[in-house]
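This report refers to the structure that appears directly beneath it.
The values are calculated or read from the model by the stated rules, or taken from the named source; none is laboratory data. This is a predicted model, so every value here is computed, not measured. Positions of Cβ are generated from backbone atoms using ideal geometry, with glycine treated the same way; all protein chains shown enter the neighbour counts. Just so you know, the surface numbers come from the protein's heavy atoms only, side chains and all, with ligands and any DNA or RNA stripped out. Shrake-Rupley method; radii C 1.70, N 1.55, O 1.52, S 1.80 Å.
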Amino acid sequence: MFSVPGIALITGAGSGIGRATALAFARAGALGLHLADVNRGRLEETRKDVSAEAVNPQFKAYTSEADVSKEDQVVRMVQDAANNFGRIDYAANIAGISENAPASMADTSVATYDKINNINARGVFLCMREQLKVMRDQEALARIPGRPSVRGAIVNMSSIYGCVGSGKFTSYVTSKHAVVGLTKAAAISHSVDGIRVNAVCPGFVDTPMVDNVKGFFDLRALLETVPMKRFGMAEEIADVVVFLSSERASFVTGHSFVADGGTTIV
Ligand code: NAP
């Protein structure tokens with residue numbers, strides 16, 4: 001297991017991949033977690049569960065109810081995390097939404113386009129901008145002897161739809177390509193500060209988000225497009241986030257890591 005002994009800020013921590021990532025950080029030795037989501041009740045459940053699972057004896061977890069598309073709420077969330085712990089070593093920007101139903105581009109409303117892009121793309125920009133300011137100003141640490149010291153590592157949640165297109169999810173495809181672009185831009189801007197920035201591009205993962213749209217698909221036909229013939233587990237994506245955050249990935253930046261059971265290689 002990769003060790004992540006510092007402080008992590010995780011958005012979307014109330015459900016699915018974000019919740020699994022919070023648990024993975026706690027089990028991988030994180031000293032503290034700041035958990036954010038729009039859903040206060042589920043956020044509190046995750047906080048209790050990570051506190052029960054944490055292996056670091058000094059572990060602490062705090063929460064922020066925050067909408068990542070709102071600038072003032074993101075600024076407060078990141079400030080609260082920095083005030084609680086004095087630094088932010090890892091940030092996992094996972095909060096996101098998708099269309100409720102497939103539609104062609106001609107049938108996509110501006111309201112849907114704006115809502116999805118505001119949360120998935122603008123939200124990642126706002127979160128990273130605030131996280132980078134904190135990381136840039138904090139002391140660099142070398143946690144693995146012999147490796148260069150680092151100030152921080154950020155992982156953004158894209159999707160296979162950040163790498164390939166789909167004719168049925170215009171807004172989601174656009175937003176997830178934007179996440180890949182934001183990741184590259186931040187990685188180039190802030191390598192000089194000792195900050196790494198990467199993205200993860202999952203295929204179909206069994207979470208409440210996918211449950212919501214399962215009714216629109218022929219599931220057998222969908223799984224036929226996946227060489228592994230199954231949905232991914234949230235825990236499998238969380239492990240990729242933890243690896244990219246850890247100093248075992250010390251020379252990896254600006255990368256989009258595909259974890260999709262082979263879906264995009266065929
Ligand atoms: P999920 O189970 O629905 O979890 C997403 C969490 O983010 C929910 O708790 C959600 O709250 C929260 N959220 C929504 N809008 C928010 C906002 N404006 N500010 C803060 N939090 C917000 O979905 P998931 O499948 O774990 O997805 C997590 C991420 O992985 C998303 O970015 C998604 O695009 C990406 N992804 C998922 C899959 C997949 O197959 N599941 C594949 C590729 C990429 P509510 O439930 O109250 O909205």
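Quick look at the values:
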quantity	calculated
Entirely in the stretch 57-175, the strands (runs of 3 or more DSSP E) that have 3 or more residues that are open to solvent by 10 Å² or more (accessible area, probe 1.4 Å)	60-65
Subset tally (residues that are out of contact with any His (no Cβ under 9 Å at 6 or more places or on another chain), in contact (Cβ under 8 Å) with a residue 40 or more places away in the chain and not β-branched (Val, Ile, Thr)) for the stretch 160-183	9
Subset of the stretch 184-226 [surrounded by fewer than 13 Cβ atoms within 10 Å (Cβ to Cβ), away from the ligand (no atom under 11 Å from the Cβ) and either of a type in the set (Ser, Thr, Tyr) or under 18 Å from Ile160 (Cα atoms) (or both)]	Leu219, Ala221, Glu224
Which numbered condition Pro5 misses (of (1) buried (at least 24 other Cβ atoms within 10 Å of the Cβ); (2) more than 13 Å from the ligand (Cβ to nearest atom); (3) in contact (Cβ under 8 Å) with a residue 60 or more places away in the chain)	(1)
Pairs with Cβ under 8 Å, 6+ apart, first in the stretch 27-54 and within 13 Å of the ligand (Cβ to nearest atom), second among the basic types (Lys, Arg) and open to solvent by less than 80 Å² (accessible area, probe 1.4 Å)	Leu35/Arg47; Arg42/Arg19; Thr46/Arg19
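A quick yes/no check of all residues on (1) in a helix (DSSP H, G or I); (2) in contact with a His (Cβ under 8 Å, 6 or more places away or on another chain); (3) under 19 Å from Val173 (Cα atoms):
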| site | (1), (2), (3) |
| --- | --- |
| Ser191 | yes, no, no |
| Ala199 | no, yes, yes |
| Phe216 | no, no, yes |
| Glu236 | yes, no, no |
| Val241 | yes, no, no |
| Leu244 | yes, yes, no |
| Thr253 | no, no, no |
| Val258 | no, no, yes |
